[in-house]
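Engineer: Have a look at the structure that comes next, please.
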């Protein structure tokens with residue numbers, strides 16, 4: 001499979017994992033680790049059992065569980081609710097001065113929001129309700145409005161089964177999105193010999209973006225030859241957002257047009273699977289990455305699975321990092337394994353096929369106000385700037 005790898009300066013990390021004997025403590029701690037929350041109003045919270053200490057599943061039994069299995073008494077905290085939320089994937093101001101918002105979502109009952117749901121939405125500008133069709137309308141979005149980046153963490157704490165499962169999950173996202181979507185996928189880890197980050201952008205050498213569904217799905221296949229050591233999560237996300245950047249080109253929108261925030265499409269989405277513990281990035285810090293995504297109004301869906309052979313502090317640290325990276329526009333979902341994760345976000349994947357565009361009249365005087373959209377008491381808000389250029393990646397850019 002064609003791809004291009006970017007190796008940076010040497011980084012040596014000898015982070016030591018605890019033995020799998022740690023997993024004997026799993027039953028008493030997973031309630032905290034598997035609950036999920038995020039930025040949109042929907043929330044995605046696992047429910048902790050009062051009897052979580054009575055869960056007697058072994059690690060092997062946990063690895064083999066699927067959402068179709070009946071959980072034993074005391075183990076109900078292992079279940080994960082579907083991802084629920086409304087997501088504004090992008091905004092732009094059209095030639096008439098009207099505001100367009102590109103939106104998808106999942107209802108509280110776990111079903112994808114449809115055009116009919118959005119037609120009944122509540123829309124407010126500066127807290128004041130505006131009416132359809134006088135002030136706003138909504139239609140199905142076209143197929144060529146969305147740019148998508150998916151990232152897969154190949155670090156040693158991620159199991160092969162979960163990487164295979166994530167490839168299948170990413171295939172489902174592609175299958176459900178409207179035809180015409182452009183996308184790329186990124187695998188990341190470090191070289192086991194040198195410790196250097198290895199960030200592979202697929203599927204097309206050079207300009208990695210493509211609307212070739214078959215090529216994108218092939219890029220999601222598990223790559224047994226890819227290194228599985230440490231986690232340059234921030235650098236990998238930075239590569240997805242700003243392109244395969246050199247150290248002197250960071251935050252420079254003129255260096256290339258290969259980053260998610262540099263594409264010309266109005267809707268963008270970043271989907272990331274990782275343990276969340278960055279121990280190898282050399283270019284970008286977490287704070288810089290969060291600031292970048294906030295400036296560029298980037299929606300990120302952060303996906304975590306239980307990490308094999310990891311100590312409890314590492315798991316808690318990774319969960320918190322993924323929550324922070326999801327920010328106010330995205331969501332974080334943590335699940336027992338890839339099978340549970342797939343069940344949790346299937347409706348979100350399906351909702352991408354129902355992507356809509358709201359058009360809000362300039363007469364609503366939205367320019368200096370916060371715009372909010374709600375369906376089924378699940379909502380999201382956006383505020384200026386509504387036209388986001390590639391310059392958003394420059395630190396200090398404010399629109």
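Engineer: Subtract the Cα-Cα distance of residue 256 and residue 69 from 0.36 nm times their separation in residues, and report this length gain in nm to one decimal. Present the calculation step by step, with values, prior to reporting the outcome.
Structural biologist: Values: separation 187, 0.36 × 187 = 67.32 nm, distance 4.80 nm.
Using 0.36 nm per residue and subtracting the Cα-Cα distance, I get 62.5 nm.
Engineer: What whole-number distance in Å separates the alpha-carbon centres of region 125-139 and region 323-399?
Structural biologist: 18 Å
Engineer: Could you give P(r) for region 83-394, binned at 20 Å from zero, as whole percent values over all Cα-Cα pairs?
Structural biologist: Values per bin, smallest distances first: 35, 57, 8, 0.
Engineer: Mind listing the Cα extents of region 314-399 along all three principal axes, in Å, largest one first?
Structural biologist: 48, 34, 23
Engineer: Sorted from fewest to most neighbouring beta carbons within 10 Å, what does the list 247, 301 look like?
Structural biologist: On the way: 247 9, 301 24.
So the ranking, lowest neighbour count to highest, is 247, 301.
Engineer: Figure the gain on full extension for residue 374 and residue 225 (residue separation times 0.36 nm, minus the Cα-Cα span) and round it to one decimal in nm. Present the calculation step by step, with values, prior to reporting the outcome.
Structural biologist: Values: separation 149, 0.36 × 149 = 53.64 nm, distance 4.55 nm.
Separation in residues times 0.36 nm, less the Cα-Cα distance, equals 49.1 nm.
Engineer: Would you order 194, 160 from fewest to most other beta-carbon atoms within 10 Å of each residue's own beta-carbon? Display every interim value, and only then the final one.
Structural biologist: Working: 194 16, 160 12.
Arranged by neighbour count, lowest to highest, 194, 160 become 160, 194.
Engineer: Still on this structure: Using Cβ contacts closer than 10 Å as the measure, can you line up 258, 325 from fewest to most?
Structural biologist: Values: 258 19, 325 23.
Result, fewest neighbours first: 258, 325.
Values in this text are rule-based calculations from the coordinates and carry no lab data. Because the structure is a prediction, the values reported are computed rather than measured. Note: ideal-geometry Cβ built from the backbone for every residue, glycine included; neighbour counts use all protein chains shown.
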